[in-house]
């Protein structure tokens, strides 16, 4: 199954797109509450671990890494890459519609380009390469 | 103290190189293991996690990513976020595409190069 993704695999890619950006937003919210961490106040890092926003952010980022590695087990790096870049779009849209930030025309153009990139690779195969070499590779590594 | 442009760009290049190395090694490890869903049906969840965590390519990749995180903190201490953020992201996406073509033997066709270019430009525009 190299060219057609299963619904569960689309769900994993969606998770990759959302988890990092939402996780980063939670971390940012939490660290705003904790305060600036510097060499004079390293103990704040310990306090940060008891902030619920920081905890949710960490869980989401661990989830992102798990989903990302899972996606790389059945898709090319150049296929998954635009999905990770889509996180920037999610962050920008969250800023626009949740935090009511202004998005300039340049940023809307950036969003359009990343959406186009996702569209370009989504229309092609998820896994490419040389099957013979892959089989040899897998045989050596297990 | 203000850092020289050479100092700043060396740090940016170093962080991007570590990110490319990390992502390519993790991708190589995952390619070596094969579809994790299939692996889980054969070995169970514990066996799959053990297979991933004992894969040398994955471990090297994860270490590079950890090092990338700390070197990023250093880079941000000498460079502006508005320069370092998009520069590191753009260099990492281009580096990943080149490394995927030559080291992972992926077939990076015109469609994927175009996607990489769109991502690079998109990231730069989003940071404006």
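Brief remarks on what is shown
- Within segment B:23-38, one or more residues are exposed (fewer than 15 other Cβ atoms within 10 Å of the Cβ) and either farther than 30 Å from residue A:113 by Cα or within 13 Å of chain A (Cβ to nearest Cβ) (or both).
- Condition met for residue B:20 (within 9 Å of chain A (Cβ to nearest Cβ), part of a helix (DSSP H, G or I), touching a helix residue (DSSP H, G or I) at 6+ places or on another chain (Cβ under 9 Å) and surrounded by 15 or more Cβ atoms within 10 Å (Cβ to Cβ)): no
- Residues satisfying the stated conditions in segment A:59-105, i.e. buried (at least 17 other Cβ atoms within 10 Å of the Cβ) and over 22 Å from residue B:96 (Cβ atoms): A:60
- Of everything in segment B:49-87 that is within 18 Å of the chain's Cα centre (by Cα), more than 12 Å from chain A (Cβ to nearest Cβ) and modelled with pLDDT under 90, the residue that is surrounded by the most Cβ atoms within 10 Å (Cβ to Cβ) is B:75.
- Of all the listed residues (B:90, B:115), the sole one being assigned to a helix (DSSP H, G or I), facing chain A (nearest Cβ under 7 Å), closer than 19 Å to residue A:116 by Cβ and in contact with a helix residue (DSSP H, G or I) (Cβ under 9 Å, 6 or more places away or on another chain) is B:115.
The values are calculated or read from the model by the stated rules, or taken from the named source; none is laboratory data. Because the structure is a prediction, the values reported are computed rather than measured. Every residue, glycine as well, gets a Cβ built from its backbone with ideal geometry; the counts of neighbours run over all protein chains shown.
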